[in-house]
Amino acid sequence: MEKQDVKDLRIHGMGNVPGGAYGKISTDGTATFKGEVKCASLTANGSLKLRDSVYAEQFRLNGTGRGTGTLAGKRLRVDGTLKIDGDVSFGHININGMLQASGGANGEDADIDGGMKLGGSAKYGTLKVHGVLQVGGRLNAGDLDILMAGACHAKEIGGDRIHVRKKLGVGRLLSLLSTSLVPGLTAELIEGNDIVLEETKAGIVRGHTIRIGPGCVIDRVEYKHHYEVDPNASVGRAEQAQ
């Protein structure tokens with residue numbers, strides 16, 4: 001954010017934030033942003049409504065948030081839930097709860113403890129998920145680590161290291177309540193260098209080193225160096241690339 005003569009803003013209870021440039025914004029209660037906002041930091045405790053795009057170098061939400069437009073900045077932390085009708089672009093993301101966006105998301109790294117649901121695509125250098133990950137488009141991550149605690153999916157997944165595991169102790173009881181709560185990943189294509197999968201259904205898995213673990217149902221595996229499959233997995237065809 002460019003340096004300029006900006007003011008800080010603090011809201012207690014209920015209040016509105018007009019569009020414009022600010023220094024530090026702090027809200028406790030219910031705050032509504034009525035225009036496009038750029039600020040050095042935004043700290044919200046309670047309920048937050050965003051009616052336009054927001055750029056905040058440091059964004060911290062403790063509670064619930066709902067907004068339209070693009071949400072961007074350097075660092076985002078959510079303890080609660082945040083739903084955005086647009087894209088989310090932060091260098092670093094830490095979610096303890098749920099982040100949901102109708103668009104896509106991108107950044108250097110993201111640590112999700114709970115869930116992230118995107119209508120579009122996602123791109124990260126490092127992405128760690130403990131919970132649920134749902135991506136409507138393609139997911140690209142240099143280092144992807146998913147510990148599933150619910151239904152996960154992406155149209156396509158690409159990366160260097162892709163490790164997908166099922167969290168222990170969940171699944172049997174949840175399956176009696178709803179199949180959407182059962183841990184498992186579905187994707188049309190998964191491709192990377194080092195791939196380890198559990199409880200995954202995919203059309204094609206392509207990579208250098210591939211380990212297909214229990215609960216997987218894969219139509220075709222294409223590997224270059226090493227391939228192994230668990231007895232409790234199903235692979236239609238496996239072939240080594242020349």
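The values are calculated or read from the model by the stated rules, or taken from the named source; none is laboratory data. Source: prediction; values computed, not measured. FYI the Cβ positions are ideal-geometry reconstructions off the backbone, even for glycines, and counts take in every protein chain you see. For accessibility, only protein heavy atoms count, side chains too; no ligands or nucleic acids. Shrake-Rupley method; radii C 1.70, N 1.55, O 1.52, S 1.80 Å.
Miscellaneous remarks
- Residue in the range 106-116 that is at pLDDT 95 or above, buried (at least 20 other Cβ atoms within 10 Å of the Cβ) and over 23 Å from residue 200 (Cβ atoms) present: yes
- Residue match in the range 106-123 (condition: among the small types (Gly, Ala, Ser) and out of contact with any strand residue (DSSP E or B) (no Cβ under 6 Å at 6 or more places or on another chain)): no
- Residue identified as open to solvent by less than 30 Å² (accessible area, probe 1.4 Å), under 16 Å from the mean Cα position of the chain (by Cα) and either modelled with pLDDT under 95 or not aliphatic (A, V, I, L, M) (or both) among 213, 158: 158
- Test: residue in the range 73-94 that is under 24 Å from residue 138 (Cα atoms), of a type in the set (Ser, Thr, Tyr) and not in a strand (DSSP E or B): no
- Inspection of the range 76-97 finds no residue satisfying the criterion of being within 9 Å of the chain's Cα centre (by Cα), modelled with pLDDT of 95 or more and closer than 19 Å to residue 182 by Cα.
- Within the range 19-49, being of a type in the set (A, V, I, L, M) and either open to solvent by less than 10 Å² (accessible area, probe 1.4 Å) or in contact (Cβ under 8 Å) with a residue 40 or more places away in the chain (or both) holds for 25, 31, 37, 42, 44, 48.
- Test: residue 79 is buried (at least 20 other Cβ atoms within 10 Å of the Cβ), within 21 Å of residue 114 (Cα to Cα) and touching a residue at least 12 places away in the same chain (Cβ under 8 Å): no
- Within the range 119-128, the presence of at least one residue that is touching a residue at least 12 places away in the same chain (Cβ under 8 Å), in a strand (DSSP E or B), closer than 30 Å to residue 19 by Cβ and small (Gly, Ala, Ser) is confirmed.
Here is a yes/no grid of residues against (1) over 28 Å from residue 113 (Cα atoms); (2) not aliphatic (A, V, I, L, M):
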position	(1), (2)
31	no, no
34	yes, yes
56	no, no
59	no, yes
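- For the range 231-240, a tally of residues being assigned to a strand (DSSP E or B) and either open to solvent by 80 Å² or more (accessible area, probe 1.4 Å) or within 12 Å of residue 196 (Cα to Cα) (or both) returns 2.
- Residues located in the range 181-193, provided they are open to solvent by 50 Å² or more (accessible area, probe 1.4 Å) and closer than 7 Å to residue 162 by Cβ: none
- The set of residues from the range 216-230 being modelled with pLDDT under 95 and not in a strand (DSSP E or B) is empty.
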